[in-house]
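Student: Sharing a structure, written as structure tokens. Questions coming.
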Ligand code: TA6
């Protein structure tokens, strides 16, 4: 079942329910902000004090960072303009009782061309079943090539950040955004302070291990992964977040960030895919 819901302030989102899961996707930013498998708690974290307002990114779920990750394009706002742009719902398919597919699209506009002078089509195809599959497809509709950095900036809900281990990034090149230093990662990732790093040459599945569950993350069309937790001080300064919200989530982001940028020639297409599922 797919229902269009509208908040009192006009903020619209899709509510999807099928036999394997329920989900919510805001039209602004094609922003998935809930994904719950049947009889399980939400796999995604959503701030209890997040804005749900036109022009403000939801804090939590899966913001789409596009056409720039972070400040990879200094001419654009942090994480680009897609997450605060209105997408259109172009198709919804109930594949079977356990699987629903939704596609949302954003195309260049006078407003976007002023921010980033390239014609484009951006489509997010979400397949919702006992796993969450996302495909972010960029098509260059311009006569000139453009450079793209992007991320599916997934906030995973965790029992407590101190209980979390991320496996699969051992021996990967790591750029630490806090120190601006690059070095080789040694071992699994655990958290006891602010963490903000971009890993390169990531070509295999990751595992997010929490006290109560393990989640597998498989990326395609991407060789970089961003891992972030703001910890106490940064967490208390983040918009749309309670001061102790940092304990409840970790971001593991399927990306094309920094040296994993992509150059699209006219009419070229790039697909960034991520599949998230609970480890059996
Ligand atoms: O992905 C990590 C990061 O770039 C952090 O540096 C932090 O800024 C986070 O994204 C959240 O950014 P936002 O613009 O959503 O507040």
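Only the coordinates and a few stated rules stand behind these numbers; no lab work does. On a predicted model such as this, the values are computed, not experimentally measured, just so you know. Here Cβ is always computed from backbone atoms with ideal geometry, including for glycine, and neighbour counts include all displayed protein chains.
Student: Volume per residue, Å³, of the convex hull around the alpha-carbon atoms of the chain?
Tutor: Details: hull volume 35.6 nm³, N = 280.
Taking only Cα atoms, the chain has a hull volume of 127 Å³ per residue.
Student: Moving to a separate point now. Okay, helix-only estimate at 222 nm for the chain: each DSSP H run of n ≥ 4 adds -39500 (n - 2.57), divide by all residues, round to 500 deg cm²/dmol; what do you get? Mind dumping the intermediate values first?
Tutor: Values: 2 runs with 13 residues, N = 280.
Computed ellipticity for the chain at 222 nm equals -1000 deg cm²/dmol.
Student: Right, next: Please give the residues of segment 222-243, grouped as numeric ranges, whose backbone N is less than 17 Å from a label point set 7 Å along the Cα-to-Cβ vector of residue 49.
Tutor: Once the point is set 7 Å along Cα→Cβ of residue 49, 230-243 turn out to lie under 17 Å by backbone N, inside segment 222-243.
Student: Applying 1/(1 + (r/R0)^6) with R0 = 51 Å to the Cβ-Cβ distance of residue 218 and residue 117, what FRET efficiency is obtained, to the nearest 0.05? Walk me through the numbers before you get to the answer.
Tutor: Numbers: r = 34 Å, r/R0 = 0.68.
E between residue 218 and residue 117, to the nearest 0.05, is 0.90.
Student: By counting other Cβ atoms within 10 Å of each Cβ, how are 210, 176 ranked from fewest to most?
Tutor: Values: 210 17, 176 14.
In increasing order of surrounding Cβ atoms, one gets 176, 210.
Student: Would any residue of segment 89-110 have its amide N under 11 Å from a label point 7 Å out along Cα→Cβ of residue 4? List them or say none.
Tutor: 89-90
Student: How would you rank 35, 118, going from fewest to most other Cβ atoms within 10 Å of each one's own Cβ?
Tutor: Details: 35 24, 118 20.
Lowest count first: 118, 35.
Student: Continuing with the same structure: In terms of the ratio Rg/(2.2 N^0.38 Å) built on C-alpha atoms, what value belongs to segment 140-190?
Tutor: Working: Rg = 16.4 Å, N = 51, 2.2 N^0.38 = 9.8 Å.
Against the compact-globule rule of thumb, the ratio is 1.67.
Student: Taking the alpha carbon gyration tensor of segment 179-267, what are the square roots of 5 times its eigenvalues, largest first, to the nearest whole Å? Mind dumping the intermediate values first?
Tutor: Details: eigenvalues 127, 58, 40 Å².
Result for segment 179-267: semi-axes of 25, 17, 14 Å.
Student: Let me ask something else. Report, to one decimal in Å, the Kirkwood hydrodynamic radius for segment 1-102 based on all distinct Cα pairs.
Tutor: Working: mean 1/r = 0.0691 Å⁻¹.
One over the average 1/r among Cα pairs gives 14.5 Å for segment 1-102.
Student: Using alpha-carbon pairs under 8 Å, 6+ residues apart, how would you state the relative contact order of segment 148-280 in percent?
Tutor: Rounded, it is 32 percent for segment 148-280.
Student: Considering segment 45-111, what Rg and Dmax in Å follow from its alpha-carbon atoms?
Tutor: Cα radius of gyration and Dmax of segment 45-111 are 14.6, 45 Å respectively.
Student: How do 123, 12 rank when sorted from fewest to most other Cβ atoms within 10 Å of their own Cβ? Before the final figure, lay out each step's value.
Tutor: Values: 123 20, 12 15.
Ascending number of Cβ neighbours within 10 Å: 12, 123.
Student: Pop the C-beta distance of residue 236 and residue 192 into the FRET formula with R0 = 22 Å and round what comes out to the nearest 0.05. If you can, show how the numbers build up before the last one.
Tutor: On the way: r = 17 Å, r/R0 = 0.78.
Computed FRET efficiency for residue 236 and residue 192: 0.80.
Student: Rounded to two decimals, what is the ratio between the C-alpha radius of gyration of segment 130-224 and 2.2 N^0.38 Å?
Tutor: Its radius of gyration relative to the 2.2 N^0.38 Å reference: 1.25.
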